[in-house]
């Protein structure tokens, strides 16, 4: 069923239709939340809050890119979570595997077709990227995640975070520079082509 029909049926009170929307976009929403917040449990909470908010605000959707509309909601949910954590700092609890060891990466990042060493390297690289993202100020992190990870253009990103286009370009340039400098400390984890590019 087309998205427009699912939206209309959701507006008419059909929860099954909205659940189909959730299933279609939940990976994208979670990925956005995880990269902005940096913790799986908090990202799951923000994802849930985003979909609840989306259902409550569905009547405000006026057409255009539903993905962008949803990304704005989840980005705001992430800001709310980050502000809450600043008021009430918490110690992150990482999930443990069957042997009591900490699991650093969510299961959805694993590809069973990969070799174990490839999974490990990709997991370590993902962790390195996340550590560098976490070092950015919230306003820079959200912009670089939207543009470089979610693939949004500048204008759409400006609309999502409600800031002028020039501000988006400035924040993105600073965020990219900071990430590049940070990732130089993890050069051995980068693919050869990216490693050579960073050395130029």
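The values are calculated or read from the model by the stated rules, or taken from the named source; none is laboratory data. Everything quoted here is computed from the prediction, not taken from an experiment. Neighbour counts run over all protein chains shown; Cβ positions are idealised from the backbone, glycine included.
Take the conditions at pLDDT 85 or above, closer than 23 Å to residue 179 by Cβ and in the same structural domain as residue 154 (by TED's automatic domain parsing) and apply them to residue 32. Does it pass?
On the way: at pLDDT 85 or above: yes; closer than 23 Å to residue 179 by Cβ: yes; in the same structural domain as residue 154 (by TED's automatic domain parsing): no.
Here the answer is no, as residue 32 does not meet what is asked.
Would you mind stating whether residue 13 is more than 30 Å from residue 139 (Cβ to Cβ), modelled with pLDDT of 90 or more and not in a helix (DSSP H, G or I)?
Numbers: more than 30 Å from residue 139 (Cβ to Cβ): yes; modelled with pLDDT of 90 or more: yes; not in a helix (DSSP H, G or I): yes.
Answer is yes for this residue.
Given the options 70, 58, 133, 125, name the one that is in the same structural domain as residue 180 (by TED's automatic domain parsing), in a helix (DSSP H, G or I), at pLDDT 90 or above and surrounded by 14 or more Cβ atoms within 10 Å (Cβ to Cβ). Working first, answer last.
Working: 70 fails: in the same structural domain as residue 180 (by TED's automatic domain parsing); 58 fails: in the same structural domain as residue 180 (by TED's automatic domain parsing); 125 fails: at pLDDT 90 or above.
One residue alone meets the criteria, 133.
Being modelled with pLDDT of 85 or more and loosely packed, with under 11 Cβ neighbours inside 10 Å, is that true of even one residue in segment 181-200?
Filtering segment 181-200 for residues modelled with pLDDT of 85 or more gives 181-182.
Filter once more, so that each one left must be loosely packed, with under 11 Cβ neighbours inside 10 Å: none.
For segment 181-200, residues modelled with pLDDT of 85 or more and loosely packed, with under 11 Cβ neighbours inside 10 Å: absent.
Do we find that residue 24 is assigned to a helix (DSSP H, G or I) and closer than 22 Å to residue 145 by Cβ in this structure?
Working: assigned to a helix (DSSP H, G or I): yes; closer than 22 Å to residue 145 by Cβ: yes.
The answer is yes for residue 24.
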